[in-house]
Amino acid sequence: MAGLMSYEDNDGFIWFNGELSPWRDAKLHVLSHGLHYASAVFEGERAYGGEIYKLNDHTERLLAGARVMDFEIPYSAEEINAACRQVVAANNLTDCYVRPIAWRGSEMMGVSAQRTHINMAIAAWDWGSYFPMEERLKGIRLDWGKYRRPDPATAPAQTKAAGLYMICTLEKHRAEKLGFADALMLDWRGRIAECTGANIFFVKGTELHSPTPDCFLDGITRRTVKGLAEKRGYTCIDRVIMPDELGQFEECFIVGTAAEVTPVAEISGHKFTPGAVTETLLKDYMAEVQPKQSAAAAE
């Protein structure tokens, strides 16, 4: 397809199983367990000014997610952090997206895979706003998703495991075909949950209401934005939110490493007006993620 970036045929370097590899040489076998059975965990990180925001939080979540998936990543948090920074520097990037991923290899092919080798790779590339900037500033449009976030009794719902994103891809494709930017998913009980790759907030006065993250990720960006909101004196409320409550709220926005803070103008016909609270938190978040200058450097 014309105009698409090739994530395979690209210059630069990818950290692969302990060392930097030329981008085009970083390959896995077609019979890797992670490809066939989704036995993989990953992270999405952003670097601003050459520094990866909350890198250690992402790394610790990656390691914890792998353990939930019944494997150990053969690198320490310190080694993974250093490798992420190495990839950003090796590719001469400053503002970029960083993708660590760990997966089971090709030593066993079947559901049982205890003796597979655990592979890990880290890539980084330029990636601007997750949504077109002109659309983002006026607020994006969401449709209701048909698939639902699963009961935690049926899947490791609070990990960034690759298999959990299968329904997210399907829902985002369906929403985009209908002219929407993304889909808002319910959980298995019919409660509002999250978008396909971002948490959601609703604004009522100076209150921020957000679905309780009991069957999906309590995102790193979500926690960051809550902290920024509380500094502003806003009240943050995690609770059950049902679809028929949308009329109670004045503003709406989504948050995530890729989405950052993105206003929402519509959810399947229900309109919101991006306002002062959303704008304030968008500005606060963008200021928060910028590398902090030392006192000496600032003088």
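The values are calculated or read from the model by the stated rules, or taken from the named source; none is laboratory data. Just so you know, these numbers come straight off a predicted model, no measurement behind them. Every residue, glycine as well, gets a Cβ built from its backbone with ideal geometry; the counts of neighbours run over all protein chains shown. Please note that ligands, DNA and RNA were not included when accessible areas were found on the heavy atoms of the full protein model with its side chains. Shrake-Rupley method; radii C 1.70, N 1.55, O 1.52, S 1.80 Å.
Values for this structure:
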{"item": "Nearest 10 degrees, 0 to 90: helix 77-90 Cα axis against the chain principal axis", "result": "90 degrees"}
{"item": "Per-bin percent of Cα-Cα distances, the stretch 174-245 [10 Å]", "result": "18, 48, 29, 5"}
{"item": "N56 paired with R24, simple spin-label distance in nm, labels 7 Å along Cα-to-beta-carbon", "result": "4.0 nm"}
{"item": "Sorted peptide list for 35-41, 180-186, criterion being average Cβ within 10 angstrom, highest first", "result": "180-186, 35-41"}
{"item": "Packing-based ranking, highest mean first, of 224-237, 114-127 given that Cβ atoms within 10 Å are counted", "result": "114-127, 224-237"}
{"item": "Kirkwood Rh and Cα Rg combined as Rg/Rh, the stretch 1-115", "result": "0.98"}
{"item": "Solvent exposure ordering (accessible area, 1.4 Å, most first) of D218, D25", "result": "D25, D218"}
{"item": "For the stretch 239-285, the Rg and Dmax computed from alpha carbons only, in angstrom", "result": "11.3, 30"}
{"item": "Apportionment of accessible area to carbon and sulfur, the stretch 40-122, percent (1.4 Å)", "result": "48 percent"}
{"item": "In degrees, nearest ten, helix 166-177 long axis to first principal axis of the chain (Cα)", "result": "50 degrees"}
{"item": "The stretch 145-197, accessible surface, carbon-and-sulfur percent (1.4 angstrom probe)", "result": "56 percent"}
{"item": "Set of lysines with alpha-carbon distance to K27 below 29 Å, sequence-local pairs under 8 removed", "result": "K54, K160, K172"}
{"item": "Pairwise Cα inverse-distance average, inverted: Kirkwood Rh of the stretch 189-228 (Å)", "result": "10.9 Å"}
{"item": "Alpha-carbon gyration tensor eigenvalues x 5, square-rooted, for the stretch 190-299, Å", "result": "26, 15, 13"}
{"item": "Solvent exposure of the chain as accessible area per residue, Å², 1.4 Å probe", "result": "48 Å²"}
{"item": "Calculated Cα extents along the principal axes in Å (choose from (i) 68, 42, 36; (ii) 56, 34, 28; (iii) 55, 54, 39), label", "result": "(iii)"}
{"item": "R0 of 22 Å, Cβ-Cβ distance V240-E266: FRET efficiency to nearest 0.05", "result": "0.45"}
{"item": "Relative contact order of the stretch 218-299, pairs being alpha-carbon contacts under 8 Å that are 6 or more residues apart, as %", "result": "26 percent"}
{"item": "Value at 222 nm in deg cm²/dmol, rounded to 500, when DSSP H runs of n ≥ 4 in the chain each add -39,500 (n - 2.57)", "result": "-8000 deg cm²/dmol"}
